Amino acid sequence: MLIPSERPWLLVIAPEEECQALRAILSPEWELIETESEQQALPILERCELSPSGILLGGIPHTADGQLIQHWLKQHTDGEIPLFIILAPQQEHVLNRAIELEAAEVLVKPLNPLIIRRRIRQCIRLFERRAEVIQQAEQQFQTVTARTPGLQQNIRAMIDTMSALVEFRDCKPGTHVRKVRQITWLLLNELKSHTGVSMQQIEQISTAASMHDIGKIAVPDEILRYPGPLDEKQIELVRLHTLRGYEIVQRMNPRCQNQILLYAAQICRSHHERWDGSGYPDGLCGEKIPLCAQVVGLADVYDTITSTRTYKEARTHWEACQTIESTAGRLFSPKLISAFRAILPYLEQPPDLLPVPAHFVPIAEELELERQLRRVALARNEYHQLSDLSGDIYFYYDYQERTLEFSSAFCRIFCRSSAPQKIPLSQIRKCIQLKLLRKLSSYLNRLSPDNLQIKTELELETADGSRKWFECYFRAQYSGTEVTDYYGKFIDIDQLKNEANLWKEQAQIDQLTGLLNRGATQRKVEQLLKQRQPLTFLFIDLDDFKRINDTYGHLFGDRVLRHISQQIKARMRTGDLIGRIGGDEFLAVLPGTGNPEQLARRASQLLGIFSVSLPVSGTPAPQEYRVCGSIGISVSPGDGTRYAELLRKADIALYTAKKAGKNTWRFFKPEMMENTTGSVLSEID
């Protein structure tokens with residue numbers, strides 16, 4: 001036996017220097033078996049009586065590429081041994097290889113002992129727990145197979161429940177799975193005479209179609225809900241849902257005895273394959289693509305085109321038809337497109353009126369069935385295990401039992417540390433703050449049979465007292481007019497919200513002076529004018545600023561503008577607005593009108609900032625430039641009630657001040673309109 005003790009052990013495949021570093025970090029907790037190549041590691045794995053708790057692979061791409069280890073893991077394990085990739089900071093290109101190898105974790109050097117041990121320990125526990133859940137599911141499935149006469153009905157119920165869970169996680173409206181199943185049934189009936197499929201097979205394939213996207217349970221929320229185009233790495237992660245779905249269904253049918261699940265496995269894996277070989281994950285083409293996957297693929301495309309998603313608006317029935325028709329012989333087979341044409345009249349009808357089997361139950365009964373079966377799944381703790389792996393933040397309220405269930409992530413973020421994951425409603429105040437409970441209740445109370453789902457953004461207080469932004473989904477389920485349960489799901493958007501607010505704030509700021517820019521100044525002033533607030537406009541302009549740039553250069557000109565803007569800002573009071581609205585033009589907006597004497601004093605104080613001389617650097621002999629400026633004043637509502645009108649009149653007053661000798665100020669007077677043809681805004685300087 002290779003392992004000398006009963007301690008858990010890790011297999012390390014890495015160059016000697018990496019092995020030494022890992023030995024010092026990991027040996028207190030695990031036995032280590034070290035090799036320098038994958039070829040040396042394989043005999044060790046074959047001879048060991050006890051499988052390793054994990055495999056650490058370093059040296060990519062210099063001494064290893066992981067292909068042999070990945071092949072061994074797929075051949076000899078069911079995914080219960082995590083693979084860790086050791087990555088140097090400059091090896092970002094190796095991340096793609098880590099994705100291909102389906103690594104559980106990437107450990108970036110330099111290795112922090114506490115963090116590395118914790119990450120490895122947690123990942124091993126997750127894999128062990130997942131293996132336990134899969135084993136329990138297989139045992140339960142075998143028990144049901146042996147004892148339940150109505151096995152096919154139970155299989156359909158299980159498929160409907162799992163599909164509904166994926167739709168809820170994806171925050172879809174709840175009809176996608178049902179429509180794909182119905183369209184699949186219609187297409188297969190149309191193809192029956194050409195393909196020889198029996199009615200039993202049509203029934204089985206249509207039922208299995210509900211599971212086509214079950215693999216999305218492994219796709220992270222931030223990708224599944226991303227509102228725009230995905231980058232290449234994100235696209236690769238999304239495409240993995242085909243393989244993940246195939247693996248999940250295969251584990252549900254270990255002896256390959258259930259025909260519905262056999263079809264479901266083919267559909268999960270191949271419903272994104274395309275007739276010309278351009279699909280994924282295997283690049284199959286033509287008749288090599290299973291018929292069940294071809295049909296479900298077309299049904300999925302049609303419903304996706306005609307439905308609203310986070311990244312697109314819904315298109316019409318005829319737009320979808322034209323798009324699909326154009327793919328004949330390329331994405332879908334000509335026979336399948338011909339069958340699609342034949343069922344077009346049905347697709348224009350409401351889904352509830354389609355000629356499908358009676359056991360494709362109406363939506364209200366379907367939701368009631370999903371609720372009952374999901375309660376059983378939650379009781380077995382399977383759903384909690386899946387949600388823990390994906391990090392979902394959600395709660396589930398059973399209206400009949402008056403109990404609340406939380407995901408682990410919800411407890412960690414919103415509940416006190418001692419909160420259990422399932423509690424009676426009477427004890428809820430012991431776990432959740434009353435303020436948060438009231439906010440959640442206010443949204444749940446808005447739900448009704450006509451308004452099943454609400455989406456909103458909320459800033460919520462977490463258990464540690466901090467406040468974070470979440471995208472929130474609240475959904476109710478009904479049996480007839482009776483509410484049966486509620487769901488709440490949360491997606492952490494705090495970082496995105498903060499970044500958006502920062503960009504919004506930066507978009508309003510003039511980068512040179514730090515004051516409001518022209519657009520932001522106008523918007524804020526117009527808001528005040530809409531409230532009919534009296535305002536005073538002080539239009540400030542530097543005299544002869546063009547000569548400053550021409551004589552001393554733009555760097556010195558920028559320095560003058562920064563100095564003047566800082567001085568103006570220092571003289572503003574709380575509630576005053578100050579913005580840069582031109583190259584050397586500033587607008588100060590003061591609440592109220594004041595009397596002429598007060599305004600004259602404010603204007604004189606502002607002119608005082610120009611009574612300075614700034615040293616000019618970079619000249620052969622020391623020089624100083626004396627800054628001067630002028631001010632034009634208009635008052636609302638006396639001089640107008642619109643921004644453009646008030647700015648124009650302040651501009652005319654400023655032009656008059658400049659004509660009077662500059663470095664002075666003037667109030668707007670109506671007679672100025674008759675004697676003025678120019679303005680500062682038209683670049684008098």
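The values are calculated or read from the model by the stated rules, or taken from the named source; none is laboratory data. Quantities reported herein were computed from a predicted structural model and do not represent experimental measurements. Here Cβ is always computed from backbone atoms with ideal geometry, including for glycine, and neighbour counts include all displayed protein chains.
Residues that are modelled with pLDDT under 65 and touching a helix residue (DSSP H, G or I) at 6+ places or on another chain (Cβ under 9 Å): which helices (runs of 4 or more DSSP H) entirely in segment 113-197 hold 2 or more of them?
113-147, 151-169
Filtering segment 386-443 down to residues that are polar (S, T, N, Q) and over 21 Å from Arg129 (Cβ atoms), which residue is modelled with the lowest pLDDT?
Ser418
Quick check, is Leu528 farther than 14 Å from Gly582 by Cβ, of a type in the set (A, V, I, L, M) and either modelled with pLDDT under 85 or touching a Gly at 6+ places or on another chain (Cβ under 6 Å) (or both)?
no
Quick one: count up the residues across segment 227-252 that are assigned to a loop (DSSP other than H, G, I, E, B) and in contact (Cβ under 8 Å) with a residue 60 or more places away in the chain.
The total comes to 3.
Glu105 is checked against (1) modelled with pLDDT of 80 or more; (2) under 32 Å from the mean Cα position of the chain (by Cα); (3) exposed (fewer than 14 other Cβ atoms within 10 Å of the Cβ) and fails just one. What number does that condition carry?
The single condition Glu105 does not satisfy is (3).
Can you find even one residue in segment 224-244 that is in contact with a Phe, Trp or Tyr (Cβ under 8 Å, 6 or more places away or on another chain), more than 21 Å from Ile343 (Cβ to Cβ) and surrounded by 18 or more Cβ atoms within 10 Å (Cβ to Cβ)?
Initial filter on segment 224-244 (in contact with a Phe, Trp or Tyr (Cβ under 8 Å, 6 or more places away or on another chain)): 226-229, 234, 239, 242.
From what's left, more than 21 Å from Ile343 (Cβ to Cβ): 226-229, 234, 239, 242.
This time we only want the ones that are surrounded by 18 or more Cβ atoms within 10 Å (Cβ to Cβ), so: 242.
Yes: segment 224-244 contains one or more residues that are in contact with a Phe, Trp or Tyr (Cβ under 8 Å, 6 or more places away or on another chain), more than 21 Å from Ile343 (Cβ to Cβ) and surrounded by 18 or more Cβ atoms within 10 Å (Cβ to Cβ).
Report yes if Ser307 is surrounded by fewer than 20 Cβ atoms within 10 Å (Cβ to Cβ), in contact with a His (Cβ under 9 Å, 6 or more places away or on another chain) and among the hydroxyl-bearing types (Ser, Thr, Tyr), otherwise no.
Criteria met by Ser307.
Just checking, does segment 251-262 include any residue being within 32 Å of the chain's Cα centre (by Cα) and farther than 16 Å from Glu203 by Cα?
So far as segment 251-262 goes, yes, one or more of its residues are within 32 Å of the chain's Cα centre (by Cα) and farther than 16 Å from Glu203 by Cα.
Looking at (1) in contact with a helix residue (DSSP H, G or I) (Cβ under 9 Å, 6 or more places away or on another chain); (2) surrounded by 15 or more Cβ atoms within 10 Å (Cβ to Cβ), which one does Val94 not meet, given that it meets all the others?
Of the numbered conditions (1) in contact with a helix residue (DSSP H, G or I) (Cβ under 9 Å, 6 or more places away or on another chain); (2) surrounded by 15 or more Cβ atoms within 10 Å (Cβ to Cβ), the odd one out for Val94 is (1).
From (1) in contact with a strand residue (DSSP E or B) (Cβ under 9 Å, 6 or more places away or on another chain); (2) modelled with pLDDT of 80 or more, pick out the condition that doesn't hold for His317.
Evaluating His317 over (1) in contact with a strand residue (DSSP E or B) (Cβ under 9 Å, 6 or more places away or on another chain); (2) modelled with pLDDT of 80 or more leaves (1) as the failure.
Any residue that is buried (at least 18 other Cβ atoms within 10 Å of the Cβ) and at pLDDT 85 or above - is there at least one of those in segment 589-598?
Scanning segment 589-598 turns up at least one residue that is buried (at least 18 other Cβ atoms within 10 Å of the Cβ) and at pLDDT 85 or above.
Does any residue of segment 461-475 turn out to be surrounded by 12 or more Cβ atoms within 10 Å (Cβ to Cβ) and assigned to a loop (DSSP other than H, G, I, E, B)?
Yes, segment 461-475 has at least one match.
Name the helices (runs of 4 or more DSSP H) wholly inside segment 1-90 in which the number of residues that are at negative phi and at pLDDT below 85 is 2 or more.
Details: elements: 16-26, 38-47, 67-76.
Correct list: 38-47, 67-76.
Looking at Cys285, Cys292, Cys268, Cys256, which is the one that is closer than 21 Å to Gly196 by Cβ and of a type in the set (A, V, I, L, M, F, W, C)?
Working: Cys285 fails: closer than 21 Å to Gly196 by Cβ; Cys268 fails: closer than 21 Å to Gly196 by Cβ; Cys256 fails: closer than 21 Å to Gly196 by Cβ.
None of the other options fit; the residue is Cys292.
If I ask for residues that are farther than 17 Å from Cys415 by Cβ and not polar (S, T, N, Q), which ones from segment 459-481 would you list? Show your work before the answer.
Step one: filter segment 459-481 for residues farther than 17 Å from Cys415 by Cβ, giving 459, 469, 471, 473-481.
Listed by number, the residues that qualify are Glu459, Trp469, Glu471, Tyr473, Phe474, Arg475, Ala476, Tyr478, Gly480.
Given the structure, is Ala660 at pLDDT below 85, within 19 Å of Ala600 (Cβ to Cβ) and assigned by TED's automatic domain parsing to the domain that holds Leu542?
The answer is yes for Ala660.
Would a scan of segment 335-342 turn up a residue that is more than 22 Å from Ile202 (Cα to Cα) and either assigned by TED's automatic domain parsing to the domain that holds Ile214 or at pLDDT 90 or above (or both)?
Residues of segment 335-342 more than 22 Å from Ile202 (Cα to Cα): none.
For segment 335-342, residues more than 22 Å from Ile202 (Cα to Cα) and either assigned by TED's automatic domain parsing to the domain that holds Ile214 or at pLDDT 90 or above (or both): absent.
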